[in-house]
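K.L.:
Starting off with a structure, shown below.
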Amino acid sequence: MIKIQLIEHIFKAASISRWNDYPRMANLVELDKQAHKFIIAYFIAKMEKDVNMKALIEGGIFEFLSRVIVTDIRPDVYHQIVHQKKDEVNVWVLSHIEPMVEDIEEGNFLKRFQNYLQGDSYNKERLILKAASYFATRWEFNIVYQTSAFLSDIDEIKTKVEEELEDYYELIGARKIALNQKIAKIIDLSGRLRFQKRWAQTPRIPETAVLGHMLVVAVLSYFYSLKIQACEKRLENNFYCALFHDLPESLTRDIISPVKYGIDGLHTLINEYEMKLVNEKILPFIPQDLQNEFSYILGIREGRTGEFRFVKNEFENRTFKNGIVELCSGSLSSFNTNEFGAIDGKALKYCDKLAAFIEAGLSISYGVKSKELENGFEDMFVFFKNNRTIDGVNFFELCEKLRDYFRI
């Protein structure tokens with residue numbers, strides 16, 4: 001599906017600290033910032049007209065992969081360099097990226113990457129991504145400011161951050177976030193997922209938060225969608241279903257699988273309570289005309305369980321045509337047109353497990369391991385050994401390569 005080098009490149013972002021020349025009450029890392037940016041971009045885009053969502057997703061991925069390479073350069077210095085040496089910087093970035101992605105889509109992914117960096121197309125999508133990046137940075141700055149008030153230049157930076165907001169006023173979503181309207185509460189709720197650590201009961205390197213994990217799963221789902229030649233709406237839905245798949249954990253916290261599934265009936269009880277919280281604390285703050293689509297992305301459908309009319313399962317294969325959700329037990333290949341709005345829920349579960357497999361394997365390869373990590377790694381390897389492919393995409397082959405690479 002993708003090369004191991006690209007997977008490592010993605011996870012480097014979990015080790016890249018942001019605002020590291022300022023005192024911080026929490027470690028702010030690039031992976032979480034990028035995840036927050038993608039979430040904010042989604043909501044801003046959905047409030048605009050004529051946005052190319054595939055271009056928005058790909059542009060965000062191109063910028064993310066590029067940012068990991070130039071992360072050692074301070075943003076203000078980087079922007080000055082790009083202003084004067086844009087072509088040279090792009091060539092340098094692409095020279096690092098090309099070996100990782102040259103085989104994807106027989107080179108077409110790389111061509112689009114080059115065109116995005118070197119061209120001026122998709123101006124609206126670029127503006128949305130820039131605005132989303134700004135709001136994610138501003139959210140971080142509010143944390144940094146609390147512990148940096150004694151520094152002589154902090155108010156100067158605060159002024160610059162506030163002034164930049166004017167650059168995005170033409171976007172409806174940007175104005176609503178700035179005015180702290182309903183959608184701002186979802187942005188804040190999403191950002192708080194950076195404080196919830198994955199594998200919280202065991203030491204691990206690099207540490208990843210639930211927020212960053214959501215982006216990793218989304219990026220894996222994107223490359224899966226390319227592999228199966230998914231139509232644009234299917235690719236879009238797969239990406240955002242993966243990106244938001246753990247959003248309710250901002251309300252319930254991350255409950256590890258041994259606890260969730262180890263007590264009979266607990267999983268059902270948690271799901272019912274999660275659905276109650278989604279209805280009370282998430283959906284009311286989503287724009288009215290987006291609620292049905294967003295509910296579908298979250299995996300919500302009718303199906304009574306206990307006292308609730310609706311159930312939630314983001315990992316079901318499903319379609320969404322004329323506002324009606326239909327479950328699909330088999331392959332979605334016959335629904336691969338935009339009108340069906342398909343979501344490969346079962347494949348997204350594979351991407352979720354693959355992300356966890358990589359998280360455990362990376363830490364073990366770095367020498368930071370525990371019984372929980374080793375058992376989790378082995379259990380997931382066995383899962384993929386017994387469930388090797390889905391829609392012709394061989395996940396087990398990638399797992400074998402990863403295990404050899406990790407020397408486990």
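K.L.:
What are the residue pairs meeting all of these: first residue in the stretch 378-389, first residue under 19 Å from S365 (Cβ atoms) and of a type outside the set (S, T, N, Q), second residue modelled with pLDDT of 95 or more and assigned to a helix (DSSP H, G or I), Cβ atoms under 6 Å, and 6 or more apart or on different chains?
P.N.:
M380/K353; M380/F357; F381/C399; F384/F395; F384/F396; F384/C399
K.L.:
Hey, any hits in the stretch 76-91 for a residue that's hydroxyl-bearing (S, T, Y) and either touching a Ser or Thr at 6+ places or on another chain (Cβ under 6 Å) or over 30 Å from Q229 (Cβ atoms) (or both)?
P.N.:
Within the stretch 76-91 (the criterion being hydroxyl-bearing (S, T, Y) and either touching a Ser or Thr at 6+ places or on another chain (Cβ under 6 Å) or over 30 Å from Q229 (Cβ atoms) (or both)), the answer is yes, since at least one residue qualifies.
K.L.:
Hey, among V77, V89, V51, which residue is aliphatic (A, V, I, L, M), in a loop (DSSP other than H, G, I, E, B) and open to solvent by 10 Å² or more (accessible area, probe 1.4 Å)?
P.N.:
Working: V77 fails: in a loop (DSSP other than H, G, I, E, B); V89 fails: in a loop (DSSP other than H, G, I, E, B).
Exactly one of V77, V89, V51 is aliphatic (A, V, I, L, M), in a loop (DSSP other than H, G, I, E, B) and open to solvent by 10 Å² or more (accessible area, probe 1.4 Å), namely V51.
K.L.:
What pairs can you find where one residue is in the stretch 391-408 and farther than 10 Å from I4 by Cα, the other is among the basic types (K, R), and their Cβ atoms are less than 7 Å apart, with a gap of 6+ or different chains?
P.N.:
V393/K227; N394/R388; F395/R388; F396/K385; F396/R388
K.L.:
I'd like to know if the stretch 58-70 contains one or more residues that are surrounded by fewer than 17 Cβ atoms within 10 Å (Cβ to Cβ) and either at pLDDT below 95 or closer than 19 Å to S133 by Cα (or both).
P.N.:
yes
K.L.:
Still on this model: Can you pull out the helices (runs of 4 or more DSSP H) entirely within the stretch 136-244 that have at least 2 residues that are modelled with pLDDT of 95 or more, of a type in the set (D, E, K, R) and closer than 30 Å to L354 by Cα? Give the derivation first.
P.N.:
Numbers: elements: 154-164, 172-178, 182-191, 210-227, 232-243.
Answer list for the stretch 136-244: 232-243.
K.L.:
Here's another thing I want to ask about it. Within the stretch 325-348, can you find the residues that are surrounded by fewer than 18 Cβ atoms within 10 Å (Cβ to Cβ) and closer than 13 Å to A230 by Cα?
P.N.:
Selection gives S331, S333, S334, N336, T337, N338, E339.
K.L.:
So in the stretch 267-290, with the set limited to residues that are touching a helix residue (DSSP H, G or I) at 6+ places or on another chain (Cβ under 8 Å) and open to solvent by 40 Å² or more (accessible area, probe 1.4 Å), which one is modelled with the lowest pLDDT?
P.N.:
Here the residue is H267.
K.L.:
Listed residues A26, A35; which is part of a helix (DSSP H, G or I) and either among the hydrophobic types (A, V, I, L, M, F, W, C) or open to solvent by 20 Å² or more (accessible area, probe 1.4 Å) (or both)? So that I can check it myself, show each step before the final result.
P.N.:
On the way: A26 fails: part of a helix (DSSP H, G or I).
Answer to the check: A35.
The values are calculated or read from the model by the stated rules, or taken from the named source; none is laboratory data. Note that the structure is a prediction, hence the values are computed from the model and not measured. Please note: Cβ atoms are built from the backbone with ideal geometry, for glycine as well, and neighbour counts cover all protein chains shown. For the accessible areas, the whole protein counts, side chains as well, though only heavy atoms, and no ligand, DNA or RNA atoms are used. Shrake-Rupley method; radii C 1.70, N 1.55, O 1.52, S 1.80 Å.
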